[in-house]
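The structure under discussion appears below in the form of structure tokens.
The values are calculated or read from the model by the stated rules, or taken from the named source; none is laboratory data. Everything numeric in this text was worked out from a predicted model, so none of it was measured. Quick reminder, even Gly has a Cβ in these numbers, built from the backbone with ideal geometry, and neighbours come from all protein chains shown. The protein model used for the area step is the full one, side chains on, heavy atoms only, and it has no ligands, DNA or RNA in it. Shrake-Rupley method; radii C 1.70, N 1.55, O 1.52, S 1.80 Å.
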Amino acid sequence: MIQTNLDLLQLIHNMLPAAGAAITIRQFDAGQRFIFQEQEILQVYIIKSGLVKPLITEENGKEYILEFLGEGEMLGEVEAIRGTKTVCSVDAVTPVVLYAMGVGQFQYFLQTIPAFNTLVLRLLATRVANSSVKMARQQLYTMAELLPQLQKMLAAQQIEFTKQDLAGYMGISVRSLNRLLKGE
Ligand SMILES: Nc1ncnc2c1ncn2[C@@H]1O[C@@H]2COP(=O)(O)O[C@H]2[C@H]1O
């Protein structure tokens, strides 16, 4: 449920001395939205510490949390690679510290550092796989069947999730989640 990428974080640490001012630090508070859906950010981030949630807001105002991302995970690469606007918003769940680089710098690293290129490709492949599995489960199980599976995963995490986040991750309202929790 919380994805991390410690290999990428380690690689960034190794790249820092040579990168100089090309990689900077940015910080955001818990609850702060720092990537906005369908906008330009022109930066790519790698999470140094903290937890974030990428989420899609539909025209009906409903929000769907795609994933929870922690250390070493990358943000903003979709816009940087496709040259389009961002696919979703990203909110800080806890205070976060990010490594930041410009889109041009990100593309230069992709072309000149094979290990970076490989890890970014692997990250994208992992996201496709995770999103497919999540989508399939949500289609094939009832919410009443999914909830205990999620609760089991949550019990293994160190972080306490709000009901709103849990409902957003399942794509249901907090009211429906409360009903499920009561076993109605
Ligand atoms: N399914 C997903 N799983 C994890 N992260 C995602 C997912 N979809 C989008 N993101 C991240 O959220 C970011 C929003 O800005 P971008 O579209 O540039 O890049 C996106 C990815 O970094």
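A count restricted to the stretch 65-98 and to residues that are more than 10 Å from the ligand (Cβ to nearest atom) and touching a residue at least 60 places away in the same chain (Cβ under 8 Å) stands at 11. In the stretch 48-64, the qualifying residues are those that are within 24 Å of residue 136 (Cβ to Cβ) and not in a strand (DSSP E or B), and the one that is nearest to the ligand (Cβ to nearest atom) is 58.
On the basis of being open to solvent by less than 70 Å² (accessible area, probe 1.4 Å), over 22 Å from residue 79 (Cα atoms), among the polar types (S, T, N, Q) and part of a helix (DSSP H, G or I), does residue 132 make the cut? Considered against the rule, which asks whether it is open to solvent by less than 70 Å² (accessible area, probe 1.4 Å), over 22 Å from residue 79 (Cα atoms), among the polar types (S, T, N, Q) and part of a helix (DSSP H, G or I), residue 132 comes out as no. In the condition set (1) surrounded by 14 or more Cβ atoms within 10 Å (Cβ to Cβ); (2) in contact (Cβ under 8 Å) with a residue 40 or more places away in the chain; (3) in contact with a Ser or Thr (Cβ under 9 Å, 6 or more places away or on another chain), residue 159 is compliant with all but (1). Inside the stretch 75-115, residues that are surrounded by fewer than 17 Cβ atoms within 10 Å (Cβ to Cβ) and of a type in the set (Gly, Ala, Ser) make up a count of 4. Kindly indicate whether residue 100 is assigned to a strand (DSSP E or B) and more than 14 Å from the chain's Cα centre (by Cα). Considered against the rule, which asks whether it is assigned to a strand (DSSP E or B) and more than 14 Å from the chain's Cα centre (by Cα), residue 100 comes out as yes. The set of residues in the stretch 11-47 that are assigned to a strand (DSSP E or B) and either within 10 Å of the ligand (Cβ to nearest atom) or open to solvent by less than 80 Å² (accessible area, probe 1.4 Å) (or both) comprises 24, 28, 33, 34, 35, 43, 44, 45, 46, 47.
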